[in-house]
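Report on the structure given below.
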Amino acid sequence: MSTTPDTMTTFDPKRKALGRGLESLLPRTAPAPAPGAASAPPPSADASSSEGVREIPLELIDPNPYQTRTHMDEAALGELAASIQSNGVVQPIVLRYIDNGRYQLIAGQRRWAASQRAGKATIPAIVRQVSNEQAMEMTIIENLQREDLNPMEQARAFERLSSEFGLTQEQMAQRTGKDRASISNFMRLLRMPLAVQEQIAAGGLTMGHAKALMMLDSEKLVLEMTERVIKEALSVRQTEQKVHEWMTPTGPKPEAEPRRIDPNVRALERELEGHLGMRVRIQDRGGRGKITFDYGSLEQFDSVVERLKR
């Protein structure tokens, strides 16, 4: 039987950021205490992590209270368990020592659960000394590297990194190796109506559908379009077209009065447009007025917001 990704260590350039992100949070520590010890002391901090790979009894491992993943595919978990039964676990999980000879899971929930299902007594593990905050951040970042988290799980994970650890979207991108614009889109999902969030989590709507729905400017329209997407099984492209139609109603439009503008103001508009890459309008009346930015995509919106913040 073929070995699944969770049981085989391979080099993937896209995952290098995970190593850097976790290493910045993982102090190098000594081997785990001897398995089964009644009340083993925490590992010392002077040995390298490679020396800390030990076989830890599964019965001594407690679940991770900071786990981001809320759903595991049963079929995939069964396949992983069968692979572990045949080939063992090649990539060790990460634990931390807590007390009374017990450990707490930090990274490797699927391998831990599949090993239990496979009837294993022990699992290879690296034991680290980390705080509650470090354990939580490590868990979230490790999970964000996985491809099987649904969009809502990813959105909530990014939100936790932002709210609980004060990480900016740029810092989250560096830690996880994901594009900053993608992180922004995931976090926007949390502003969607709960009914839409449930559809996204259940797979009824894809991230592509969600991005199209984000362009609508009212909750009522979002809910109506969501219902239509599901009822008519619209593709992402079809959804984008429907959203565009709703946003640009047909019918004759009154001719706008020619805009009168001071040449100096117009020159400044052009300068800003060249700098920002989007249309800019300045309305000035006696030293008071407003500046309007016309963005054509969420990426452009994110760009101007980041520049304004700086």
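The values are calculated or read from the model by the stated rules, or taken from the named source; none is laboratory data. If you're wondering where the values come from, they're calculated on a predicted model, not measured in any experiment. With ideal geometry, Cβ positions are generated from the backbone for all residues, glycine too; neighbour counts draw on all protein chains shown.
Among the residues of the stretch 105-126, which ones are closer than 17 Å to residue 65 by Cα and assigned to a strand (DSSP E or B)? Lay out the reasoning, then the answer.
Taking the stretch 105-126 first, the residues closer than 17 Å to residue 65 by Cα are 105-113.
Correct list: 105, 106, 107.
For the structure I just gave you, tell me whether residue 94 is more than 29 Å from residue 201 (Cβ to Cβ) and surrounded by 15 or more Cβ atoms within 10 Å (Cβ to Cβ).
When the stated conditions are applied, residue 94 does not pass them.
Residue 104 - would you say it is out of contact with any Leu (no Cβ under 7 Å at 6 or more places or on another chain) and free of Cβ contacts under 8 Å to residues at least 60 places away in the same chain? First the steps, then the outcome.
On the way: out of contact with any Leu (no Cβ under 7 Å at 6 or more places or on another chain): no; free of Cβ contacts under 8 Å to residues at least 60 places away in the same chain: yes.
In short, no.
Look at the stretch 119-140 and say how many of its residues are buried (at least 16 other Cβ atoms within 10 Å of the Cβ) and of a type in the set (Gly, Ala, Ser).
Total meeting the criteria: 2.
Among the candidates 207, 215, single out the residue that is within 24 Å of residue 305 (Cβ to Cβ), at pLDDT 90 or above and not charged (D, E, K, R).
Residue meeting the stated conditions: 207.
Mind listing whichever residues of the stretch 179-205 are surrounded by 14 or more Cβ atoms within 10 Å (Cβ to Cβ), free of Cβ contacts under 8 Å to residues at least 40 places away in the same chain and under 16 Å from the mean Cα position of the chain (by Cα)?
Within the stretch 179-205, 182, 183, 186, 187, 189 meet the criteria.
Please specify each residue of the stretch 275-303 satisfying the condition of being more than 33 Å from the chain's Cα centre (by Cα) and of a type outside the set (Lys, Arg).
Result: 282, 283, 284, 286, 287, 289, 291.
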